[in-house]
Amino acid sequence: MKEASIAIVGAGLAGLTAARVFHEAGLDPLVLEASPRIGGRIESLQGEDGSYLGDLGPNWVWPPFQPVVQHWLDRLSLPVFDQYERGDAILDGFAPQPMQQPLPGQYGIARLVGGQAQFVQAMAKPLPDTAIQTDQPVTQVTARSDGRLAVHVNHAPAICAQRVVMAAPLRVIHERIALPDHLDPTLDQALRTTPTWMAAQAKAVIRYREPFWRGRGLSGRIASRTGPLFEVHDHTTSGGAPALFGFVATPYEAREPEALRRAIVAQLQRCFGQSAAHPLSVTLRDWATDPWICARADLTGPMEHPRVAPDVLRQGHLDDRLWFCAAETATQSPGLIGGALAAGEATARAVLKLDPRARIHHEAS
């Protein structure tokens with residue numbers, strides 16, 4: 001059995017933020033990620049040369065309204081640029097033919113230069129090479145007689161840890177990871193009923209040679225009642241690589257990729273004309289097919305933004321040995337980038353208060 005002072009289950013932005021805070025306080029966290037990559041719901045579309053082409057997960061931050069985002073942007077020296085919104089939008093399905101219409105902008109909306117994965121890479125950069133282990137699906141956490149916790153990984157030795165921080169989506173934890181007995185009875189309900197933001201959503205990035213919509217005085221935005229994309233935005237990179245980005249309205253059980261790509265191009269041609277008929281590529285990311293992001297419960301019922309979750313998800317359990325810090329546990333911007341940053345940092349700070357070694361190191365620094 002391996003040993004770790006702190007085991008973090010999940011290498012999304014919340015888990016990596018917690019790991020960085022622990023590392024800066026002198027502790028050595030071990031991050032266990034079920035999938036082959038880190039980042040969770042943050043994923044970039046990359047070219048063959050590794051260049052950034054778009055975001056397949058979250059796109060935006062709002063620094064004026066999200067102090068925790070601005071704090072980490074400053075700490076990590078990550079630049080942003082304004083989301084392009086100049087010009088009319090296209091309303092699709094509101095009249096017999098698509099029509100141009102001004103739409104209100106979203107003040108403060110911004111994108112990261114190089115994409116949201118810059119947060120992931122910057123958070124992980126100072127951690128030792130052995131701190132993050134991918135392809136390590138956790139199946140169970142058990143309480144040991146010595147007061148420590150054992151983290152059981154499929155087809156690998158268990159990890160014995162002083163404390164465990166669960167940074168995976170809450171419903172995934174409920175459905176796929178067995179937790180110790182004798183937990184607060186309200187915890188199970190909170191895990192089960194807290195939706196994972198955008199978990200069942202499919203997204204599309206459509207790349208072009210030219211941003212033809214800009215030349216026609218259009219913002220690139222589409223609001224559609226007919227789909228298959230119910231919302232489209234300009235997704236041109238800070239370096240000028242033209243693209244559009246859209247949210248898929250097609251139900252997950254009907255998302256046949258090739259048919260969906262054809263329908264997306266047909267919709268863009270309907271809204272923008274012949275200039276949209278021949279994209280360089282149409283890339284789909286269907287998060288509903290990712291079992292470590294989307295729980296079965298996320299596939300039923302309407303999509304809803306998570307409300308502020310019950311306090312039981314922000315408290316320590318099993319004598320403060322077990323904690324939760326998914327983005328949905330945050331009290332501000334739950335489920336969003338800001339929520340992931342806030343949850344990871346707040347959970348790590350709460351745990352550090354319980355560890356004399358970390359407190360001494362933190363005060364000395």
Gain upon complete extension [residue 37, residue 296; 0.36 nm per residue less C-alpha separation]: 91.1 nm
For residue 48 paired with residue 238, estimate the spin-label separation in nm (one decimal), with each label point 7 Å from Cα along the Cα-to-Cβ line. 2.7 nm
Residues in the stretch 114-143, backbone N under 20 Å from the label point at residue 28 (7 Å along the Cα-to-beta-carbon vector): list them, ranges by number please. 124-134
Provide the three semi-axes, in whole Å and in decreasing order, of the ellipsoid equivalent to the stretch 146-253 as defined by the square roots of 5 times the Cα gyration tensor eigenvalues. 44, 18, 11
Report, as a whole number in µm² per second, the diffusion coefficient that Stokes-Einstein gives for the stretch 266-321 at 37 °C and 0.692 mPa s using the Kirkwood radius over alpha carbon pairs. 203 µm²/s
Residue 139 to residue 192: extension gain in nm, 0.36 nm per residue of separation minus the Cα-Cα distance? 17.4 nm
Rg [Å, one decimal], Dmax [Å, integer] - the stretch 139-192, C-alpha atoms: 11.3, 31
Obtain the nm distance between the two label points defined at residue 214 and residue 304 by a simple spin-label model: each point lies 7 Å from its Cα along the Cα-to-C-beta direction. 4.0 nm
For the stretch 301-346, I need the span (max minus min coordinate) of the C-alpha atoms along each principal axis, in Å, sorted largest to smallest. 36, 24, 12
DSSP beta bridge pairing in the chain, given as percent antiparallel to the nearest 5: 65 percent
Mind checking the angle between helix 337-352 and the chain's longest principal axis? C-alpha axes, 0 to 90 degrees, to the nearest 10. 10 degrees
Dipole of the chain, Cα-centred, from +1 at each Lys and Arg C-beta and -1 at each Asp and Glu C-beta, to the nearest 20 debye? 440 debye
Between residue 5 and residue 101, take the C-beta separation as r, use R0 = 45 Å, and let me know the FRET efficiency to the nearest 0.05. 0.20
If one puts a single equal scatterer on every Cα of the stretch 197-334 and applies the Debye formula without solvent, what log₁₀ I(q)/I(0) results at q = 0.11, 0.18, 0.20 Å⁻¹? -0.52, -1.01, -1.15
How far, in degrees from 0 to 90, does helix 13-24 lean away from the longest principal axis of the Cα atoms of the chain, to the nearest 10? 40 degrees
With 10 Å bins from 0: P(r) over the stretch 16-171, alpha-carbon pairs, percent: 9, 28, 29, 19, 10, 5, 1, 0
Under 18 Å from the residue 275 label point (7 Å along Cα→beta-carbon), backbone N, the stretch 42-85: 84-85
For residue 178 and residue 357 in one chain, what is 0.36 nm times their gap in residues minus the Cα-Cα distance, to one decimal in nm? 61.4 nm
Among the GluC sites (Glu not before Pro) in the stretch 258-361, which ones are in a DSSP loop with at most 11 other Cβ atoms within 10 Å of the Cβ? Mind listing them? 304
Among 48-54, 63-69, 28-34, how do they line up from the highest to the lowest mean number of other beta-carbon atoms within 10 Å? 28-34, 63-69, 48-54
Mean-square fluctuation check for the chain, GNM, Cα pairs under 10 Å: which of 263, 254, 327 is largest? 254
Of all trypsin sites (Lys or Arg not before Pro) in the stretch 79-169, the ones in DSSP coil with at most 14 other Cβ atoms within 10 Å are 86, 144
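Read-outs throughout are calculated quantities, based only on the coordinates presented, and are distinct from any laboratory measurement. It should be emphasised that the depicted structure is a prediction, and the values quoted were computed from it without experimental measurement. In this analysis, Cβ positions are derived from the backbone assuming ideal geometry, glycine residues included, and neighbour counts consider all displayed protein chains.
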